[in-house]
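S.K.: Here you go, one structure.
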Amino acid sequence: LAHHTINGCNMRAGDLCGTGTISGPTKETFGSMLELSWSGKEPIALGDSGITRTFIQDNDEVTITGFCQGDGYRVGFGQCTGKILPAADLGY
């Protein structure tokens, strides 16, 4: 967030940011959909629904949760949920 805003990029409530980096050494530690799908090459199963995705699609609902913990403590935040809306038709 700081990287974007320091250069004058306006951020608004609901903007979605991602690092695009490998979060850890094993697949279980990957932190983004791009990492999990290996840049869209490996579909991701969405629970037991039979639905798979390689990228987020219009009208998908995304929920993010997170925490970190150490010896005797855990710090985190509640769920953050948003719906991916189709891009606006600007008539170009």
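S.K.: Say we look at the range 70-92 and pick out the residues that are open to solvent by 100 Å² or more (accessible area, probe 1.4 Å), closer than 22 Å to N59 by Cβ and in a strand (DSSP E or B); which of these is modelled with the highest pLDDT?
M.R.: This residue is K83.
S.K.: Mind listing whichever residues of the range 44-62 are free of Cβ contacts under 8 Å to residues at least 12 places away in the same chain and either in a strand (DSSP E or B) or within 17 Å of S32 (Cβ to Cβ) (or both)?
M.R.: Once the filter is applied, which keeps residues that are free of Cβ contacts under 8 Å to residues at least 12 places away in the same chain and either in a strand (DSSP E or B) or within 17 Å of S32 (Cβ to Cβ) (or both), the range 44-62 yields I44, A45, L46, T52.
S.K.: Please tell me if T65 is modelled with pLDDT under 90, surrounded by 10 or more Cβ atoms within 10 Å (Cβ to Cβ) and either assigned to a loop (DSSP other than H, G, I, E, B) or hydroxyl-bearing (S, T, Y) (or both).
M.R.: Spelling it out, T65 is indeed modelled with pLDDT under 90, surrounded by 10 or more Cβ atoms within 10 Å (Cβ to Cβ) and either assigned to a loop (DSSP other than H, G, I, E, B) or hydroxyl-bearing (S, T, Y) (or both).
S.K.: Here is a follow-up. Which one of G40, G24, G31 is in contact with a helix residue (DSSP H, G or I) (Cβ under 8 Å, 6 or more places away or on another chain), assigned to a loop (DSSP other than H, G, I, E, B) and surrounded by 10 or more Cβ atoms within 10 Å (Cβ to Cβ)?
M.R.: Result: G40 is the single residue among G40, G24, G31 that is in contact with a helix residue (DSSP H, G or I) (Cβ under 8 Å, 6 or more places away or on another chain), assigned to a loop (DSSP other than H, G, I, E, B) and surrounded by 10 or more Cβ atoms within 10 Å (Cβ to Cβ).
S.K.: Based on what the data block shows, is R53 at pLDDT 90 or above and loosely packed, with under 10 Cβ neighbours inside 10 Å?
M.R.: Answer is no for this residue.
The values are calculated or read from the model by the stated rules, or taken from the named source; none is laboratory data. Because the structure is a prediction, the values reported are computed rather than measured. Quick reminder, even Gly has a Cβ in these numbers, built from the backbone with ideal geometry, and neighbours come from all protein chains shown. Quick note on the areas: whole protein, heavy atoms, side chains included, nothing else; ligands and nucleic acids left out. Shrake-Rupley method; radii C 1.70, N 1.55, O 1.52, S 1.80 Å.
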